[in-house]
Amino acid sequence: MHTQPMKDSDGDFSDWEPCHATVCRKCKSRNVKYKEWDSSCGGYTDYKYCCQECGYSWWVDGPDA
(Lines give C-alpha, C1' and ligand atoms only; values in the text may rest on other atoms or scores of the structure.)
Protein backbone atom coordinates (compact mmCIF):
# COMPACT_ATOMS: atom_id res chain seq x y z
CA MET A 1 0.00 0.00 0.00
CA HIS A 2 1.24 3.50 -0.77
CA THR A 3 2.24 5.24 2.43
CA GLN A 4 1.89 8.65 0.75
CA PRO A 5 0.81 10.01 -2.64
CA MET A 6 3.42 9.44 -5.33
CA LYS A 7 4.21 11.74 -8.23
CA ASP A 8 3.88 10.59 -11.85
CA SER A 9 7.61 11.28 -12.13
CA ASP A 10 8.33 8.67 -9.42
CA GLY A 11 7.84 5.97 -12.05
CA ASP A 12 7.51 5.12 -15.72
CA PHE A 13 4.44 4.82 -17.94
CA SER A 14 3.77 2.29 -20.67
CA ASP A 15 2.16 3.43 -23.93
CA TRP A 16 -1.59 4.04 -24.09
CA GLU A 17 -3.58 0.87 -24.94
CA PRO A 18 -7.28 0.54 -25.79
CA CYS A 19 -9.43 -0.95 -23.04
CA HIS A 20 -12.88 -1.54 -24.53
CA ALA A 21 -13.96 -3.74 -21.61
CA THR A 22 -13.86 -0.69 -19.32
CA VAL A 23 -16.67 1.87 -19.22
CA CYS A 24 -15.99 5.55 -18.52
CA ARG A 25 -17.06 6.41 -15.00
CA LYS A 26 -18.44 9.76 -16.20
CA CYS A 27 -20.08 9.36 -19.63
CA LYS A 28 -20.32 5.52 -19.86
CA SER A 29 -18.45 5.38 -23.20
CA ARG A 30 -16.40 2.26 -24.00
CA ASN A 31 -13.83 4.35 -25.91
CA VAL A 32 -11.31 4.14 -23.05
CA LYS A 33 -7.53 3.83 -23.08
CA TYR A 34 -5.20 2.97 -20.23
CA LYS A 35 -1.51 2.99 -19.44
CA GLU A 36 0.42 1.18 -16.76
CA TRP A 37 2.60 3.06 -14.28
CA ASP A 38 5.49 1.24 -12.56
CA SER A 39 7.17 2.97 -9.65
CA SER A 40 10.91 3.54 -9.85
CA CYS A 41 11.38 1.58 -6.62
CA GLY A 42 9.71 -1.44 -8.24
CA GLY A 43 7.15 -1.81 -5.48
CA TYR A 44 4.01 -0.48 -7.16
CA THR A 45 2.08 -0.86 -10.40
CA ASP A 46 -1.00 1.30 -10.97
CA TYR A 47 -3.20 2.04 -13.99
CA LYS A 48 -4.32 5.36 -15.43
CA TYR A 49 -7.49 5.32 -17.56
CA CYS A 50 -8.69 8.07 -19.89
CA CYS A 51 -11.96 8.35 -21.79
CA GLN A 52 -11.42 9.36 -25.40
CA GLU A 53 -14.98 10.75 -25.63
CA CYS A 54 -15.21 13.15 -22.67
CA GLY A 55 -11.56 13.38 -21.48
CA TYR A 56 -12.29 12.15 -17.97
CA SER A 57 -9.37 10.27 -16.38
CA TRP A 58 -8.99 8.15 -13.26
CA TRP A 59 -6.50 5.84 -11.53
CA VAL A 60 -6.89 2.25 -10.37
CA ASP A 61 -4.43 0.89 -7.80
CA GLY A 62 -2.70 -2.33 -8.74
CA PRO A 63 -2.85 -5.51 -6.66
CA ASP A 64 0.10 -4.32 -4.57
CA ALA A 65 -1.94 -1.46 -3.06
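Numerical summary
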{"item": "Candidate set from the range 1-27 (those that are polar (S, T, N, Q) and either surrounded by 12 or more Cβ atoms within 10 Å (Cβ to Cβ) or at pLDDT 95 or above (or both)); member that is nearest to Val60 (Cα to Cα)", "result": "Thr22"}
{"item": "Count - residues of the range 42-61 that are part of a strand (DSSP E or B) and aromatic (Phe, Trp, Tyr)", "result": "4"}
{"item": "Residues of the range 53-65 that turn out to be modelled with pLDDT of 90 or more, over 17 Å from Phe13 (Cβ atoms) and not charged (D, E, K, R), as a count", "result": "3"}
{"item": "Tabulated pairs, the range 50-61, first exposed (fewer than 15 other Cβ atoms within 10 Å of the Cβ), second among the small types (Gly, Ala, Ser), C-beta under 6 angstrom, 6+ apart or interchain", "result": "Glu53/Ser29"}
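The values are calculated or read from the model by the stated rules, or taken from the named source; none is laboratory data. All values derive from a computational prediction rather than experimental measurement. Note: ideal-geometry Cβ built from the backbone for every residue, glycine included; neighbour counts use all protein chains shown.
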